[in-house]
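A.B. asks: Can you read through this structure? Questions will come right after.
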Amino acid sequence: MKSIQLESIHQDLGAKMTPFAGFNMPLQYEGLNVEHKHVRAKVGVFDVSHMGQIFVQGPKAVEFLQKVTSNDVSKLYPGKVQYSCLPNEQGGIVDDLLVYCLAEEQFLLVVNASNIEKDFNWLRGYEMEGALLLNESDDWSLLAVQGPMASEAMQELTEVPLGEMKYYTFEQARFAGVDNVIISATGYTGAGGFELYVRNKDAAHVWHEVMRAGAKADIKPIGLAARDTLRLEMGFCLYGNDIDDKTSPIEAGLGWITKFSKDFINSEALKAQKENGPSQRLIGFVMEDRGIPRKDYRIKDAGGEEIGRVTSGTQSPSLGKAIGLGYVQSDYKAPDTEIFIEIRNKALKAKVSKPPFYKG
């Protein structure tokens, strides 16, 4: 079990810790519902230092990334972030990731914690001269300051005008007295805010400064449990649940990050799938009967025939109703289609609903 840099701080704050992706991580502090609603209304800070950081640099960096990622890296410029995925040769997804353009020939790939070693080894399988790969995941900490009050709460810590930063852009700047912090207008909550990439040696200092500056906005530490319910209210995919090595980006509704203006791994097969239509699609749904859907619960039609499986499900703290994501046969993907979720041997009614579930 790996430890994140700030593990003792979370334990001192009374966090309930849990193993996640090989790391000992804070699951919750005060409780899921309290933390979830606090991020939606005010501001909270997540320690997500388990995420991986892989750097790609050199004169062939763009060419390499165009080959291994689905999105069009040529559209990036220094200070811009892009959501993308690493397609495999079989039509599935190795991982989903963020691509940061640090400079013309230097990029940062932020990958899921459970996939760090897998991703790095997979990327090395396509390595080309002129594109150097560096796995620095053990050297970085990542704090996500999320919520509608994030800009105001953090502004005193940097000269970067946080309120003017556009979504999916970033600055490398001084923050909380630390130079070269990556201040990124990204997040996994749909509540607005920033992600802060700092070297491990500076992580405790930045954490304490974030908590001090955020006190006026009633900032709270937030655990992974609320991170999951927040992302699910937005319909954001979680690797290992909603996407994996066997689900294609087309099936997952990620055609918008799958650009056929270039050649990339398995692009011909994915292009054909898009043109012909996939046999299954990832859909969102809202429960109409009382019951909470969970991963791998069966989805059925009105006649009791199995038509798919739930991939993520929860009771939405913001909406007061149960929501979920799952794959169904493509004939059932249309919004408002009636479906049934098998919960404790009962077929409970649900309705297909296009995410985000929470509109803000």
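The values are calculated or read from the model by the stated rules, or taken from the named source; none is laboratory data. In this text the structure is predicted, and so the values were computed from the model without any measurement. Note that we place each Cβ from the backbone using ideal geometry, even for glycine, and neighbour counts take in every protein chain shown.
A.B. asks: Which pairs do you get when a residue that is under 14 Å from G326 (Cα atoms) and in the same structural domain as E338 (by TED's automatic domain parsing), found in region 292-304, comes within reach of a residue that is surrounded by fewer than 16 Cβ atoms within 10 Å (Cβ to Cβ) and among the small types (G, A, S), reach meaning Cβ atoms under 8 angstrom, with the pair 6+ apart or on two chains?
C.D. replies: Note: no pairs meet the criteria.
A.B. asks: Given V39, V43, V34, V110, which one is closer than 27 Å to E251 by Cα and either in the same structural domain as Y168 (by TED's automatic domain parsing) or surrounded by 17 or more Cβ atoms within 10 Å (Cβ to Cβ) (or both)?
C.D. replies: Numbers: V39 fails: closer than 27 Å to E251 by Cα; V43 fails: closer than 27 Å to E251 by Cα; V34 fails: closer than 27 Å to E251 by Cα.
Exactly one residue qualifies, and that residue is V110.
A.B. asks: Out of region 71-83, which residues are of a type in the set (S, T, Y), over 30 Å from A225 (Cβ atoms) and under 22 Å from the mean Cα position of the chain (by Cα)? Before you say what the answer is, go through the steps one by one.
C.D. replies: Kept after step one, since they are of a type in the set (S, T, Y), are these residues of region 71-83: 74, 77, 83.
Cutting the leftovers down to over 30 Å from A225 (Cβ atoms) gives us 74, 77.
Listed by number, the list holds a single entry, Y77.
A.B. asks: Okay, next question. Which condition breaks for V310 when tested against (1) of a type in the set (A, V, I, L, M, F, W, C); (2) buried (at least 21 other Cβ atoms within 10 Å of the Cβ); (3) assigned to a loop (DSSP other than H, G, I, E, B)?
C.D. replies: (3)
A.B. asks: Filter region 155-200 down to the residues that are among the aromatic types (F, W, Y), in contact with a helix residue (DSSP H, G or I) (Cβ under 7 Å, 6 or more places away or on another chain) and either farther than 20 Å from Q82 by Cα or in a strand (DSSP E or B) (or both) and list them by number. Working first, answer last.
C.D. replies: Here is the first cut: in region 155-200, the residues among the aromatic types (F, W, Y) are 167-168, 170, 175, 188, 194, 197.
Of the ones still in play, those that are also in contact with a helix residue (DSSP H, G or I) (Cβ under 7 Å, 6 or more places away or on another chain) are 175, 188, 194.
F175, F194 - these are the residues of region 155-200 that are among the aromatic types (F, W, Y), in contact with a helix residue (DSSP H, G or I) (Cβ under 7 Å, 6 or more places away or on another chain) and either farther than 20 Å from Q82 by Cα or in a strand (DSSP E or B) (or both).
A.B. asks: Keeping to region 3-22, report how many residues are touching a residue at least 40 places away in the same chain (Cβ under 8 Å) and farther than 20 Å from V210 by Cβ. Break it down stepwise before answering.
C.D. replies: If we filter region 3-22 for residues that are touching a residue at least 40 places away in the same chain (Cβ under 8 Å), which is where we start, we get 4-6, 9-10, 13, 15-16, 18, 20-22.
Within this subset, residues satisfying the condition of being farther than 20 Å from V210 by Cβ are 16, 18, 20-22.
Adding up the residues that qualify gives 5.
A.B. asks: Can you report the number of residues in region 131-154 which are hydrophobic (A, V, I, L, M, F, W, C), in contact with an Asp or Glu (Cβ under 9 Å, 6 or more places away or on another chain) and more than 24 Å from G44 (Cα to Cα)?
C.D. replies: Counting residues in region 131-154 that are hydrophobic (A, V, I, L, M, F, W, C), in contact with an Asp or Glu (Cβ under 9 Å, 6 or more places away or on another chain) and more than 24 Å from G44 (Cα to Cα) gives 2.
A.B. asks: Right, another one. Out of E209, E251, E275, which single residue is farther than 26 Å from N115 by Cα and surrounded by 15 or more Cβ atoms within 10 Å (Cβ to Cβ)?
C.D. replies: Only one candidate qualifies: E209.
A.B. asks: So how many residues does region 319-331 have that are crowded, with 20+ Cβ neighbours inside 10 Å and either farther than 15 Å from R40 by Cβ or out of contact with any strand residue (DSSP E or B) (no Cβ under 6 Å at 6 or more places or on another chain) (or both)?
C.D. replies: Going through region 319-331, the residues crowded, with 20+ Cβ neighbours inside 10 Å turn out to be 322-328.
Within this subset, residues satisfying the condition of being either farther than 15 Å from R40 by Cβ or out of contact with any strand residue (DSSP E or B) (no Cβ under 6 Å at 6 or more places or on another chain) (or both) are 322, 324-328.
Matching residues across region 319-331 total 6.
A.B. asks: To continue, here is another question. If you go through region 212-227, how many residues are assigned to a helix (DSSP H, G or I) and either closer than 20 Å to N112 by Cα or not charged (D, E, K, R) (or both)?
C.D. replies: First, pick out the residues of region 212-227 that are assigned to a helix (DSSP H, G or I): 212-217, 224-227.
If we keep only those that are either closer than 20 Å to N112 by Cα or not charged (D, E, K, R) (or both) too, we end up with 213-215, 217, 224-227.
Final tally of qualifying residues: 8.
A.B. asks: Scan region 138-148 and give yes if some residue there is within 20 Å of F55 (Cβ to Cβ) and assigned to a helix (DSSP H, G or I), otherwise no.
C.D. replies: Checked against the condition, which is being within 20 Å of F55 (Cβ to Cβ) and assigned to a helix (DSSP H, G or I), region 138-148 yields at least one hit.
Yes or no, residue by residue, for (1) part of a loop (DSSP other than H, G, I, E, B); (2) over 25 Å from Q315 (Cα atoms); (3) in contact with an Asp or Glu (Cβ under 6 Å, 6 or more places away or on another chain):
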residue	(1), (2), (3)
T229	no, no, no
F236	yes, no, no
I250	yes, yes, no
F260	yes, yes, no
A272	no, yes, no
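A.B. asks: For residues in region 35-65 being in a helix (DSSP H, G or I) and within 20 Å of N115 (Cα to Cα), which is nearest to the chain's Cα centre (by Cα)? Let's see the steps before the verdict.
C.D. replies: Within region 35-65, the subset in a helix (DSSP H, G or I) is 35-41, 61-65.
After this cut, where a residue has to be within 20 Å of N115 (Cα to Cα) as well, the list is 64-65.
Details: F64: 23, L65: 20 Å.
Ranking the candidates gives L65 first.
A.B. asks: Give me a count of the residues in region 147-184 that are on the phi < 0 side of the Ramachandran plot and either surrounded by fewer than 17 Cβ atoms within 10 Å (Cβ to Cβ) or touching a residue at least 60 places away in the same chain (Cβ under 8 Å) (or both).
C.D. replies: Start the filter on region 147-184 by keeping residues that are on the phi < 0 side of the Ramachandran plot, which leaves 148-167, 169-175, 178-179, 181-184.
The next check asks that each one be either surrounded by fewer than 17 Cβ atoms within 10 Å (Cβ to Cβ) or touching a residue at least 60 places away in the same chain (Cβ under 8 Å) (or both); those that pass are 148-150, 152-156, 159, 161, 163-164, 166-167, 169-174, 179, 182, 184.
Within region 147-184, residues that are on the phi < 0 side of the Ramachandran plot and either surrounded by fewer than 17 Cβ atoms within 10 Å (Cβ to Cβ) or touching a residue at least 60 places away in the same chain (Cβ under 8 Å) (or both) number 23.
A.B. asks: Residue by residue through region 4-28, note down the ones that are of a type in the set (S, T, Y) and under 21 Å from the mean Cα position of the chain (by Cα).
C.D. replies: If the condition is that a residue be of a type in the set (S, T, Y) and under 21 Å from the mean Cα position of the chain (by Cα), then T18 is the only one that fits.
A.B. asks: A further question follows. When you check T247 against the structure, is it more than 21 Å from R294 (Cβ to Cβ) and either touching a strand residue (DSSP E or B) at 6+ places or on another chain (Cβ under 7 Å) or polar (S, T, N, Q) (or both), yes or no?
C.D. replies: In short, no.
A.B. asks: If you don't mind, there's one more thing I want to ask. Quick check on K80: is it in contact with a strand residue (DSSP E or B) (Cβ under 9 Å, 6 or more places away or on another chain) and free of Cβ contacts under 8 Å to residues at least 12 places away in the same chain? Spell out how you get there, then give the answer.
C.D. replies: Details: in contact with a strand residue (DSSP E or B) (Cβ under 9 Å, 6 or more places away or on another chain): yes; free of Cβ contacts under 8 Å to residues at least 12 places away in the same chain: no.
So K80 fails the test.
A.B. asks: Sticking with this one: For region 71-114, enumerate the residues that are in contact with a helix residue (DSSP H, G or I) (Cβ under 9 Å, 6 or more places away or on another chain), part of a strand (DSSP E or B) and among the hydroxyl-bearing types (S, T, Y).
C.D. replies: Y83, S84
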